[in-house]
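Values in this text are rule-based calculations from the coordinates and carry no lab data. None of the values given here were measured: they were computed from a predicted structure. All Cβ positions, even for glycine, are placed from backbone atoms using ideal geometry, and neighbour counts span all protein chains on display.
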């Protein structure tokens, strides 16, 4: 291996402090094997002639993708699940770097779009709000479980929880130790609820400033959270059809087919879980309202027929899939939402 050999393809296994490199020349021969510290990696990549670099989409990958792109390198960010298939033998940094290099040269290994700092900042608000929500649920379940040990039942739901806790705090039959702990826990619960609302307001303010997010708000089943997340995550994706966007989110069934026998299963865990959950919750709200209508419009009649034929949950996911396709088309064509778009298109044709 000669140091003077020009590296054409480079696989990099990134970490916090140590970076493993594996390079190939234009003939596919190994031209580079290095293990560098963070500081030396930055200096080395700045001096390296522009090449094609494969990275796993793990922690810090989007930052390094932006940085290496600014140096003139071409970056291919890949899902770790797809890169794992190219790891031979035992897993180590050298094997991971080699796998990144190998996977980067395969056309069927899909790219992960490198996020901008603005996109990551928006998603950080969503992630922080989700974390606070999770902590609030954990705390409420903790309080419920401990009160159950004293024979006290607290109903499900935030409103019922708050009402019951306030009643218990006014109850003089509770032991002083129990009431003291309950007061502290409830104060923590109130603080978490306040912070959740604050982050939601921050997201709503960003939605008001973004025309794409405001456009998505006109779709029934889209709220500030789903509109903000969808515009941030899907807008710049290289999809050619709406069903590709729905499949990327994870709103299509898992398939287990062979020969001429096609078998579609339930929704899998593939795709973007957070965005899928937002779209499904929004669709569930729309389905709930549509099922109440005695004189439904065309969209509501379709929802009612779908629920009756396929069931409530399948109808919810189908509507979420439909909304994702509509949202993708609106972003790509910069159009406003039209409830009777199908009829307009039919008459125009």
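For the pair residue 6 and residue 173, the difference between a 0.36 nm per residue extended length and the Cα-Cα distance amounts to 52.1 nm.
As I understand it, the value is the acute angle between the Cα axis of helix 38-47 and the longest principal axis of the Cα atoms of the chain; what does it come to in degrees, rounded to 10? Value to nearest ten degrees: 50.
Helix 93-104 and the long axis of the chain differ in direction by around 90°, with both axes built from C-alpha atoms. The order of the peptides 40-46, 276-282, 266-272 by mean Cβ neighbours within 10 Å, most packed first, is 276-282, 40-46, 266-272. Label the chain by shape, choosing from rounded, prolate and oblate, from the square roots a ≥ b ≥ c of the eigenvalues of the Cα gyration tensor; if a/c is under 1.5 it is rounded, and otherwise prolate applies when a/b is larger than b/c, oblate when it is not. Oblate, because a/c is 1.5 or more while a/b does not exceed b/c. Taking every DSSP beta bridge with both residues inside the stretch 1-133, roughly what % is antiparallel (nearest 5)? Given both bridge residues lie in the stretch 1-133, the antiparallel proportion sits at roughly 55 percent. Helix 224-234 axis versus longest C-alpha principal axis of the chain: approximately 20°, rounded to the nearest ten.
Per-peptide packing, taken as the mean over residues of other Cβ atoms within 10 Å, places 185-198, 15-28, 210-223 in the sequence 210-223, 15-28, 185-198 from highest down. Spatially, the stretch 43-61 and the stretch 206-224 are offset by 36 Å when compared through their Cα centroids.
Modelled spin-label separation between residue 15 and residue 34, with each label point placed 7 Å from Cα along the Cα-to-Cβ direction: 1.7 nm.
Helical runs assigned H by DSSP (4 residues or longer) give the chain a calculated mean residue ellipticity at 222 nm of -18500 deg cm²/dmol, each run adding -39500 (n - 2.57) before division by the residue total.
Would you give the gap between the C-alpha center of the stretch 81-106 and the C-alpha center of the stretch 274-325, rounded to a whole Å? First find each Cα centre; the distance between them is then 42 Å. Indicate the gyration tensor shape class of the stretch 126-268 (rounded, prolate or oblate), computed on the Cα atoms with a ≥ b ≥ c the square roots of the eigenvalues: a/c under 1.5 is rounded; otherwise a/b larger than b/c is prolate and the rest oblate. Since a/c reaches 1.5 but b/c is at least a/b, the shape of the stretch 126-268 is classed as oblate.
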